[in-house]
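Taken together, the values in this text are just the output of simple stated rules run on the coordinates, not laboratory data. Just so you know, these numbers come straight off a predicted model, no measurement behind them. Cβ sites come from the backbone with ideal geometry, for glycine too, and all protein chains shown count toward neighbours.
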Amino acid sequence: MAKQRILVCPVCGETQQETSVCKSCDNSLDTDGLLYAEGSIGPWSIRDPKSPFLPGMTYDHLAELARRGEVELHTILRGPTTRQLWKVARRVPGIAHILGRCHSCGEHVAAQDRSCGACKTPFLTYRDRNNFGVDLTVPSEGKVEGMSSFLSDSSILDTQSTPLTLPPRQESENKNAEENTGSPPFHALQRKNKQDGRTIRILAVVLTICVVALGTTIYMLMNR
């Protein structure tokens, strides 16, 4: 009789006989199911004594649970904004405002607000799956949901501006630019060529004088 293989669920760690679906976490254990489970893993966790070995979840998953009422003000959470230390949800940056509270001052807010009307604390999102908030002096860098904490996206996009244009260049500037073109080695070569030209002209004059003098000397010797 063949021995039954024992399987360890890669998601929750439950040991069980070989099967296609985990009996503990209900995750499909085929390739597609494991890829889906891996894609949903993130740095946020809900304290659940019934499932203590489940991995964390993404910010978007936790935020959706909060919107559906499955996470409440006194639910115990941890994540990048708590430096992975447990806190009640109403004090967790990134989640508290979805539950209707400012995480900083406790003021009542609307879930769609981007900052607290009382203390002006911005409400940010934290979607970086690889940042657990334990490596930095500041927990985790959040991002504004939308374009601005103070203006709506439509008011930002509904703007008109005049394109910048460059002023026309003056002819004198163009002339100076043409006169000043060239690198220092190029100017040095120009100076050398001018010096060589002067030297050649001087040598030509000297040679002419010598030829004339030589001709005169020969003529005088022949007439003696």
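Things worth noting here:
- The stretch 1-112 holds strands (runs of 3 or more DSSP E) entirely within its bounds, and those carrying 3 or more residues that are within 23 Å of residue 132 (Cα to Cα) map to 41-46, 76-78.
- Against the list (1) loosely packed, with under 15 Cβ neighbours inside 10 Å; (2) in contact with a strand residue (DSSP E or B) (Cβ under 8 Å, 6 or more places away or on another chain), the condition residue 40 fails is (1).
- Unique match (being surrounded by fewer than 18 Cβ atoms within 10 Å (Cβ to Cβ), among the charged types (D, E, K, R) and touching a Leu at 6+ places or on another chain (Cβ under 8 Å)) among 78, 47: 47
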